[in-house]
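Q: Shown below is the structure under consideration.
The numbers here are math on the coordinates, done by the rules we state, and not lab data. Please read these numbers as outputs of a predicted model, since none were measured by experiment. Cβ atoms come from the backbone with ideal geometry, glycine included; neighbour counts cover every protein chain shown.
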Amino acid sequence: MNRQTKMPTCSIIFVLIMLNVRVGVSADIFPIPDTGQIQCYNNSRKISCPVMSGMDFYGQDANYDADGAALDAGQVRYTRIHAGADEMVQDHVTGLIWEVKTALNDGERYTWEEANAFIDALNADKFGGQSDWRLPTVKELAFIVNRNRYAPAIGEEFLPDDAPAYGHAKGEDLYWSSTTESDDPATATDESANLFYVDFYGGHLDSFTRLEPEDKDIDILMGFYKRHVRAVRGKSSRSVFVDNRDGTVTDAMTGLMWQQIQSGDPEAEEVMRWKDALNHCRKLNDPDQEPTIGGYDDWRLPNINELIALADPSRRNPATDPSVAGRSSPYWSSTTRVKDNYHAWAVNFNKGSVLYNSKGVENYVRLVRGGANEPIHEVGTGDDVTDDLWIKAVINTDEKGRVAAVWHKGGQDETAREDEVIWGHFHASPDDVTWGSENNPDLFVKIWFDADGRVDVNFFHVSVPEIEVYSKYKGASSEYGITTLDRRYIRHWYKDGLSGFEENEEDGLSVAGDSPDGDPSGYLTRDPGTGLIDELRIGAIIRTEEEKGPVDAIWRVGGQDTTARGDRVIWGHFHASPDDVAWGSTNNPDLFVKLWFDITGRVDVNFFHVSVPEIEVYSAFPSDAPYDEKGTTTMGNRYIRHERVRDEG
């Protein structure tokens, strides 16, 4: 529990207001949405999220989940809305409804006058059946930036279904806001023509004049004077700050309580690196420190959305409410820039712009508490594969959120040169989801203990949208990543006390022009209900290079099952024969396979390349026909998918 000192009556009243904000009892509450960042980082790369205060880098953005407390159970943040040909997105945290661009206008850019004319046209045409569309404020735009993405830094929900692949260049994805920059009293310059914008290429926020240049042939400048437009409707957010007179200020509209930093306070002059800013919270929350700030011991470094919410663009130098005080300088957020990981986001309170700095730079720090943010609790404990190696997977499901994946060991072996291998898979528990089964793999795993001391933990994403993967070996730093339907492969490696990772983006397609001409003996699938051979045949040829050239791979069935709704699954792996190569073994998988017979009639043949330079993959449909789908899996093209449709007639 949080320790509390005696507070003035006015503070107690506003703490009660804050608690009402947390549970959403008022129609005037404006919760700050989550940034979308779900990975943790050290000063340069992804790491496994620290699980408790006192650990280095604990308290960063991904340690907390704002939307989880703000949404109803099982509810997602965004819902796509269709009204005839008009498409919109409902944000269930802020209550706002956003226009979704079409393939035709997704790339359109507008001058300020054209932007306002575009909004007028939407209202005249009653886009989505409504006539109260407007240009968003800069905070509203900033809150739909997805800080777990880059180029574009916005979720798929906002992109047109029929648009081409994202093609905006840096500096070309700027969106108009309706927020005017405030005049700078230090310069007495009229800034009324300057408007804030948000960049959805990388996620920064700044201001620029809305007045068009005289030389309209300057393409680079016109990229700023003509910007994109995304219309919004709904009630705009606001803040109401109350000085609690105990070193804290409460924003009654967001539920956030802020550390107050007055001029002359020693902390007002203190700057620190990003890691030290995270650890600063630990110092101020120390129960042995007297007095604590406002009597609370749950202060944290704010994420970038919370810091944006604190900024007041209508003020300048500093761009904050007077009761909050502080300096006209950059302040650290807990949110890492995902493009390069050695930068973190900050807000410059000179005017409220958002920038990123190297984590080694010293910035100012202001702490926050409350709101909808709650620590993300650890899910599952993981598994000790050996005395020295620990692995874990967490599946992000639509039905139940984050659930612990269950480890199923397939086997282990040792090669002739004393390399060791352990393989298996993670799956969802049937206690968590209807499709969970030991014989329905969601993540294949092969662990290789090389004779030279290197350890490779190879994860192969099979199904479901996202799976968090973790590992730790001996005293090295733990490794972390997220596999997805696009990021199918992640490798964690350990050697000589060091560790690292690599990952592959995969599209499931064979390399263009690749069509091997082998004819492996193959495997005929059988219906588990009848035992009869059905429509599909699969095969593989391993190219062993100098040892024996191309060799027929041997199939080993891992298992099969039928889901509650009637989908059928068969899984297993291909391996080299010990008669062909020294490392060949039924417990040394070279190619994982999952076959999915969907109740709709679709058949998916999923091949996952594990080791050796190249493996040819084949499938025939029907099973007595020649192989008509083929390709070559490699270290750089690890996943190939053959999709079929059964003839239900």
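Q: May I ask for the distance between the Cα centers of region 565-600 and region 37-94, given as a whole number of Å?
A: What the calculation gives is 36 Å, centre to centre.
Q: Here's a follow-up. As an exercise, identify the GluC sites (Glu not before Pro) in region 321-401 lying in DSSP coil whose Cβ has no more than 13 other Cβ atoms within 10 Å.
A: Numbers: sites: Glu362, Glu378, Glu399; in loops: Glu362, Glu378, Glu399.
Filter output for region 321-401: Glu399.
Q: Run the numbers on the chain and let me know its relative contact order in percent, using alpha-carbon pairs under 8 Å that are six or more apart. Don't skip to the end; give the middle numbers.
A: Details: 1573 pairs, mean separation 68.6, N = 649.
About 11 percent, as a whole number.
Q: For region 368-416, which trypsin sites (Lys or Arg not before Pro) are both in a DSSP coil and crowded by at most 16 other Cβ atoms within 10 Å?
A: Numbers: sites: Arg369, Lys392, Lys400, Arg402, Lys409; in loops: Lys400.
Sparse-neighbourhood loop trypsin sites (Lys or Arg not before Pro): Lys400.
Q: Hey, rough spin-label estimate for Glu418 and Asp387, points 7 angstrom out along Cα→Cβ, what's it come to in nanometres?
A: 1.7 nm
Q: Using Cα pairs under 8 angstrom and six or more residues apart, how large is the relative contact order of region 523-645, in percent? Could you put the intermediate results ahead of the total?
A: Working: 293 pairs, mean separation 27.1, N = 123.
Contact order relative to length: 22 percent.
Q: Could I ask something else about it? Between Tyr150 and Val361, what is the spin-label point distance in nm, taking each point 7 Å from the Cα along the Cα→C-beta axis?
A: Each label point lies 7 Å from its Cα, and together they span 1.6 nm.
Q: Let me ask something additional. Taking the highest mean first, how do the peptides 348-354, 275-281 order by number of other beta carbon atoms within 10 angstrom per residue?
A: Top of the packing list down: 348-354, 275-281.
Q: Same structure again: Calculated FRET efficiency, Ala165 and Arg245, Cβ-Cβ r, R0 60 Å, to nearest 0.05? Walk me through the intermediate numbers first.
A: On the way: r = 55 Å, r/R0 = 0.91.
For Ala165 and Arg245, the calculated efficiency is 0.65.
Q: Let me ask something else about it. Quick one: if the Förster radius is 35 Å, what FRET efficiency do Glu212 and Val76 give, using the C-beta to C-beta distance and rounding to 0.05?
A: Details: r = 41 Å, r/R0 = 1.16.
The computed FRET efficiency comes out at 0.30.
Q: Pairs of Cα atoms under 8 Å, at least six residues apart: use those to get the relative contact order of region 121-179, whole percent.
A: Working: 33 pairs, mean separation 21.6, N = 59.
Worked out over region 121-179, it gives 37 percent.
Q: If we count every other residue with Cβ under 13 angstrom of Pro313's Cβ, Lys/Arg +1 and Asp/Glu -1, where does the sum land?
A: Values: positive: Lys139, Arg238, Arg315, Arg316, Lys351; negative: Glu140, Glu181, Asp183, Asp184, Glu191, Asp206, Asp312, Asp321.
Net local charge, Pro313 excluded: -3.
Q: Under a point-charge model restricted to the Cβ atoms of Lys and Arg (+1) and Asp and Glu (-1), what is the dipole moment magnitude of the chain relative to its Cα centre, in debye to the nearest 20?
A: Working: 65 positive and 110 negative charges, 366 e Å.
Taking the Cα centre of the chain as origin, the dipole is about 1760 debye.
Q: Residues in region 553-586 near a label at Asp527, defined as backbone nitrogen under 19 Å from the 7 Å Cα→Cβ point?
A: Residues passing the 19 Å test: 560-571.
Q: What helices does the chain have that are whole DSSP H segments, at least 15 Å long along their own axis by Cα, and with mean Kyte-Doolittle hydropathy of 1.6 or more? Please report the intermediate quantities before stating the final value.
A: Values: long enough: 9-23 (22 Å, 2.09); 112-124 (18 Å, -0.01); 274-284 (16 Å, -1.05).
Counting only whole DSSP H runs, the qualifying helices are 9-23.
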